[in-house]
Amino acid sequence: MSNPLISVILPVYNGEDYLSDAIESVLSQSFKDFELILINDGSSDNSLNIAQVYKDKDARVVLISQKNIGLVATLNKGISLAKGQFIARMDADDISLENRFYEQIKLLETGYDLCGCHFHFITESGQLSKDRKSGSAGMPRP
């Protein structure tokens, strides 16, 4: 794979309950030029097996498995492995709307260095909250 525009870093620690949904939401993005760096941080549940299934199905998935070193060290490892021009963050219990990367790249290409997104809370039954919450906004270059 040539260098993708986006490297998505998704650390996982015992995230089996939501991991498939998180991965599916990345792989089904309308913007396709990305790599998904899944880092299993010493999970004792079925997270590694779930991640392996996706790695076997999609060449954009990079899978790393390691002893538990914690979130910050795992994110730093993901950054060091990233080949993309931009880095996107995901957690194992996040779900991205299908146009997330497209919209963020559009903003970044207009001169912003950093952007975030709005979000909805998801109920235990998987329903989106009706209210959209504001996340961080774009930060223009000086």
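Points to keep in mind about this one:
- Selection count where residues are over 16 Å from Ile95 (Cβ atoms) and under 11 Å from the mean Cα position of the chain (by Cα), scope the stretch 12-33: 0
- Elements of the type helices (runs of 4 or more DSSP H) sitting completely within the stretch 9-102 and holding at least 2 residues that are surrounded by 19 or more Cβ atoms within 10 Å (Cβ to Cβ) and of a type outside the set (A, V, I, L, M, F, W, C): these cover 47-57, 71-81.
- The number of residues in the stretch 62-83 that are aliphatic (A, V, I, L, M) and under 10 Å from Ile9 (Cα atoms) comes to 5.
- In the stretch 103-139, of all residues being open to solvent by less than 80 Å² (accessible area, probe 1.4 Å) and assigned to a strand (DSSP E or B), the one that is modelled with the highest pLDDT corresponds to Tyr112.
- Contact annotation: residue pairs with Cβ atoms under 9 Å, 6 or more positions apart or on different chains, pairing a residue in the stretch 97-111 that is more than 16 Å from Gln85 (Cα to Cα) with a partner that is among the hydrophobic types (A, V, I, L, M, F, W, C) and part of a helix (DSSP H, G or I), are Arg100/Val26.
The values are calculated or read from the model by the stated rules, or taken from the named source; none is laboratory data. The shown structure was predicted, so the numbers you read here are calculated from the model rather than taken from an experiment. Cβ: placed from backbone, ideal geometry, glycine included. Neighbour counts: every protein chain shown. These accessible areas exclude ligands, DNA and RNA; they are computed on the full protein's heavy atoms, side chains included. Shrake-Rupley method; radii C 1.70, N 1.55, O 1.52, S 1.80 Å.
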